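Reviewing the structure listed below.
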Amino acid sequence: MVARYFTHVDTWVFDLDNTLYPPSADLFGRMDARFSAYVARLTGLDRDRALRLCADYWDHYGSTLIGLIEHHDVDPQHFLADVHDIDISHLEQDPQLITAINALPGRRIVYTNGSENHAKRVLAARGLTGAFDAVYGVEHADFKPKPTHEAFATVFAKDGVITAKGAMFEDEARNLAVPHAMGMRTVHVHATPDAADHIHHHTDDLPGFLSQLTG
């Protein structure tokens, strides 16, 4: 049983986007429109070229924001407030997920490359506001993004996470490499399995997977 691999875990760390809600909600699609509009205003590029620039920065830095800070001196707080100003009213509560997360023993936190405010809005829409002990956004990592070691180390130090007793749940496979190296149990939450050595477990059904850990 998979539960035996998690008996030592006392801190459960969850990514937010496409992890605590299904990718079919397409929040990134809504944010992409705001990303491209923001970058178009900033650079004078047309929307398509602006979106390609966003994607290039994401590929290179792990975050569009970091590319904009490095190359365009963007105010990160202003950028985050703008691109996360999206309609999330279509998000629905998931009673099975709520029950499964609330049943996890120990400390439960959210750590996202988005902003804390975005995370709290999404958690509220999903009925998960009271399920977590803390919520950390990219601002808590001094705007350094996952998958960098510095980002994880900064957030985990602030929370007091003992990584040898932690588990990390993420939809982005590359964001699990550092947690694995830090001694955490890693779970890839995605429709397509990834065979990377730094991934211990894979699931496309987070509520079902978590329910196996708590009986």
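The values are calculated or read from the model by the stated rules, or taken from the named source; none is laboratory data. What you see is a predicted model, and the numbers here were worked out from it, not measured in a lab. Every residue, glycine as well, gets a Cβ built from its backbone with ideal geometry; the counts of neighbours run over all protein chains shown. Heavy atoms of the whole protein, side chains included, go into the accessibility calculation; ligands, DNA and RNA do not. Shrake-Rupley method; radii C 1.70, N 1.55, O 1.52, S 1.80 Å.
Sequence-ordered 3J(HN,Hα) estimates for segment 119-124 from the Karplus curve with 6.51, -1.76 and 1.60 and θ = phi - 60° stand at 4, 5, 4, 5, 4, 5 Hz, glycine and proline given as x. Once the gyration tensor of the Cα atoms in segment 145-199 is diagonalised, the equivalent ellipsoid follows with semi-axes of 19, 11, 9 Å, ordered largest first. Distance from the C-alpha centroid of segment 24-49 to that of segment 63-82: 13 Å, rounded to the whole angstrom.
Against the main long axis of the alpha-carbon atoms of the chain, helix 149-159 sits at an angle near 60°. Reducing segment 137-170 and segment 91-130 to their Cα centroids gives an inter-centroid distance of 17 Å.
Relative contact order, whole percent, for segment 133-180 stands at 33, derived from Cα pairs under 8 Å and 6 or more residues apart. For segment 110-208, the residue among His149, Ala124, Leu206 whose Cα projects farthest onto the positive side of the dipole built from Cβ charges is Ala124. Given in Å, the Rg to one decimal and the Dmax to the nearest whole number for the Cα atoms of segment 1-137 are 17.0, 55.
Computed about the Cα centre, the dipole magnitude for segment 42-123 is approximately 400 debye when only Lys and Arg (+1) and Asp and Glu (-1) carry charge, each at its Cβ. Computed in the context of the full set of protein chains, the accessible area of the chain at 1.4 Å probe radius has 49% of its extent on carbon or sulfur. With a simple spin-label model that places each label point 7 Å from the Cα along the Cα-to-Cβ direction, the separation between Leu45 and Ala103 comes to 4.6 nm.
In this simple spin-label approximation, Ala195 and His60 carry label points 7 Å from Cα along the Cα→Cβ vector, and these lie 3.2 nm apart. In the chain, the DSSP-assigned H stretches of four residues or longer account for a calculated mean residue ellipticity at 222 nm of -12500 deg cm²/dmol, using -39500 (n - 2.57) per stretch and the full residue count as denominator.
Magnitude of the charge dipole for the chain, about its Cα centre and with charges confined to Cβ atoms of Lys, Arg (+1) and Asp, Glu (-1), is about 480 debye.
Short-range pairs are left out: with C-alpha atoms under 8 Å and at least six residues apart, the relative contact order of the chain is 24 percent. On C-alpha positions alone, give me the angle between the axis of helix 27-43 and the longest principal axis of the chain, in degrees, nearest 10. The helix 27-43 is inclined about 30 degrees to the chain.
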